[in-house]
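The block underneath contains the structure these notes are about, expressed in structure tokens.
The values are calculated or read from the model by the stated rules, or taken from the named source; none is laboratory data. Everything numeric here is computed off the predicted structure, so don't read it as measured data. Backbone-built Cβ (ideal geometry, glycine too); neighbour counts: all protein chains shown. Ligands, DNA and RNA are excluded from the accessible area calculation, which covers all protein heavy atoms including side chains. Shrake-Rupley method; radii C 1.70, N 1.55, O 1.52, S 1.80 Å.
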Amino acid sequence: SLPATGSAFKKAYYDPSLGRQVSMFVPAEDGILPYGNTDMDTCYRFTHVMRKHKNELIKLQQAGFYVDVDLPDPSRDKDTIQQAKDKETGFSDLNDERYTLHECHVDLDLPGFEDEDEDGNPTGIALPYVVTYIRGTQTVLAIRRNWREDDPLKLKRQHFVHYQYIPGFGAYGFGLFHLIGGFAKSATSIMRQLVDAGTLSNLPGGLKSRGLRIKGDDTPIAPGEFRDVDVASGNIR
């Protein structure tokens, strides 16, 4: 996936449903970075798009990782990237009953949990949190602190590792699809011109005399069709 798209992510975290640390692969389309961001360390908001079945959500609710709320029906909305991938692979989501979750690693200034100075006055500084909600219904499943409790600087804990094939202008890297994109457009344009040239050579236009009477002269001549004409005199050519 990395050479094709140019970017890929690894997410390291503790999974309470498995009882161990895991390191999962996150494709580039499931890692949403804000426009203008340059790297993961200075990113003020990173969203991980996850897809989980209802049974997985219930397990995490029982483990205390997600809040115990009534789960709505899963949404079947798809983004344009997933639609394009399904079209190329021939897949269908008619039986896809997974929930689409957005796990946002974001800086927030939550009421009641404000950052305070030495005198106990709010500083207005946004602190790092992890907010998970269900896409479509906006049902919040978890809001968690994303800094170590004994850290005086309250620095954000980084759970993602970003891999780049070729460094790009922004946070995302360049892949083979980006490098051959110009050649693909040129090849498509050339092939279309060849098809148009062949079509025009097989169905050429021309001139006809005003004295030539053709039955149904208001309709174009179909390929391989011979139509009756009335010639007063002269060559039919």
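For segment 1-41, what percent of Cα pairs sit more than 12 Å apart?
The proportion of pairs with Cα distances above 12 Å equals 68 percent.
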Under a 1.4 angstrom probe, counting protein chains only, how are F91, F46, F174 ranked by accessible area, largest first?
F91, F174, F46
Less than 18 Å apart at the alpha-carbon level, and either on another chain or at least 8 residues along: which aspartates and glutamates does that give for K154?
D41, D107, D109, E114, D115, E116, D117, E118, D119
Taking segment 110-193, which GluC sites (Glu not before Pro) meet the DSSP loop condition and have no more than 15 other C-beta atoms within 10 Å?
E114, E118, E149
For the pair A84 and I143, the simple spin-label estimate (label points 7 Å beyond Cα toward Cβ) gives in nm 3.6 nm
Dividing the Cα convex hull volume of the chain by residue count, how many Å³ per residue is that?
241 Å³
Using a Förster distance of 30 Å, the FRET efficiency for A184-N37 (Cβ separation, nearest 0.05):
0.60
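Solvent-accessible area per residue for the chain at a 1.4 Å probe radius, Å²? Provide the component values of the computation, followed by the final result.
Values: 16980 Å² over 237 residues.
With the other protein chains kept in place, the chain gives 72 Å² per residue.
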Residues with amide H under 5 Å of L127's amide H, sequence separation 5 or more or different chain, H placed in the peptide plane at 1.01 Å from N; which?
L108, D109, L110
Scalar couplings 3J(HN,Hα) for segment 69-84 by Karplus 6.51 cos²θ - 1.76 cosθ + 1.60 (θ = phi - 60°), nearest whole Hz, x for Gly and Pro, are 10, 5, 7, x, 6, x, 7, 9, 6, 10, 7, 5, 5, 5, 5, 5
Ellipticity estimate at 222 nm from DSSP helix runs (n ≥ 4, -39,500 (n - 2.57)) divided over the chain, nearest 500
-6000 deg cm²/dmol
Cross-link candidates for K215: which aspartates and glutamates have Cα within less than 19 Å, leaving aside residues fewer than 8 places away along the same chain?
E225, D228, D230
Percent of accessible area on the chain owned by carbon and sulfur, 1.4 Å probe?
54 percent
If one takes the longest principal axis of the Cα atoms in the chain, at what angle in degrees, from 0 to 90 and to the nearest 10, does the Cα axis of helix 181-202 lie?
20 degrees
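Using a 1.4 Å probe and counting only protein heavy atoms, arrange H102, H48, H53 so the residue with the most accessible area comes first. The partial results should precede the final answer.
Details: H102 25, H48 5, H53 90 Å².
The ordering from most to least exposed comes out as H53, H102, H48.
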To make sure I understand the rule: partners must be lysines, Cα under 20 Å from the Cα of K52, and not fewer than 8 residues away in the same chain. Which ones qualify?
K10, K11, K78, K85
3J(HN,Hα) from dihedral phi, segment 103-118, Karplus parametrisation 6.51/-1.76/1.60, rounded to Hz, x for glycine, proline:
9, 9, 8, 9, 8, 9, 10, 6, x, x, 10, 6, 6, 10, 8, 5
